[in-house]
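The values are calculated or read from the model by the stated rules, or taken from the named source; none is laboratory data. Everything quoted here is computed from the prediction, not taken from an experiment. Glycine gets a Cβ as well: all are built from the backbone with ideal geometry, and neighbour counts include every protein chain shown.
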Amino acid sequence: MPDTDKYQIEIRPMPQFIPEQSDPENHRYIFAYTITIKNIGKVPAQLVSRHWIITDGNNEVQEVRGLGVVGKQPLLQPGESFQYTSGSSLTTPIGTMKGAYQMVAEDGTHFEAEIPEFVLASPRALH
């Protein structure tokens, strides 16, 4: 059983609505999100893949899996952070994203870093 103190990744999402790329009349809502990934564990760990669960306001679910993030597979030393910005498109003005990053520690241990659920919302959607 892995030593949980050794394998700890902190994930902080910051979503934002992109009005200039969105087209509400055609049910197209564009969001950007900046993710900060920090290795708060005790061993170097590399992000190898991702799994996103994106749910729109109609409870339609999209799952996205792929290698790395923005074309990278960052290796994070203990205490090191990696930040990237990506985007998502919804057909409703509000939705959520959550998921996990699949990590491999330098000692060969595979573990998941959970991405906490966050809300995607156009400003008018929350009134």
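What to note about this one:
- Residue 20 being surrounded by 12 or more Cβ atoms within 10 Å (Cβ to Cβ) and acidic (Asp, Glu): no
- Enumeration of residues in the stretch 86-117 that are surrounded by fewer than 15 Cβ atoms within 10 Å (Cβ to Cβ) and either closer than 21 Å to residue 23 by Cβ or among the hydrophobic types (A, V, I, L, M, F, W, C) (or both): 86, 87, 91
- All strands (runs of 3 or more DSSP E) inside the stretch 1-99 with 1 or more residues being within 14 Å of the chain's Cα centre (by Cα) and either at pLDDT below 95 or among the basic types (Lys, Arg) (or both): 9-17, 29-39, 45-56, 61-67
- For the stretch 67-85, the condition holds for no residue, the condition being that it is touching a strand residue (DSSP E or B) at 6+ places or on another chain (Cβ under 9 Å), surrounded by 18 or more Cβ atoms within 10 Å (Cβ to Cβ) and farther than 20 Å from residue 9 by Cα.
- Test: residue in the stretch 42-65 that is basic (Lys, Arg), closer than 27 Å to residue 121 by Cα, touching a residue at least 12 places away in the same chain (Cβ under 8 Å) and loosely packed, with under 14 Cβ neighbours inside 10 Å: yes
- Number of positions in the stretch 28-38 that are surrounded by 13 or more Cβ atoms within 10 Å (Cβ to Cβ) and either touching a helix residue (DSSP H, G or I) at 6+ places or on another chain (Cβ under 6 Å) or not hydrophobic (A, V, I, L, M, F, W, C) (or both): 6
- Unique residue being on the phi > 0 side of the Ramachandran plot and in contact (Cβ under 8 Å) with a residue 24 or more places away in the chain when the list is 99, 87: 99
- Counted residues, the stretch 1-41 - those being touching a residue at least 12 places away in the same chain (Cβ under 8 Å), under 30 Å from residue 90 (Cβ atoms) and of a type outside the set (Asp, Glu): 24
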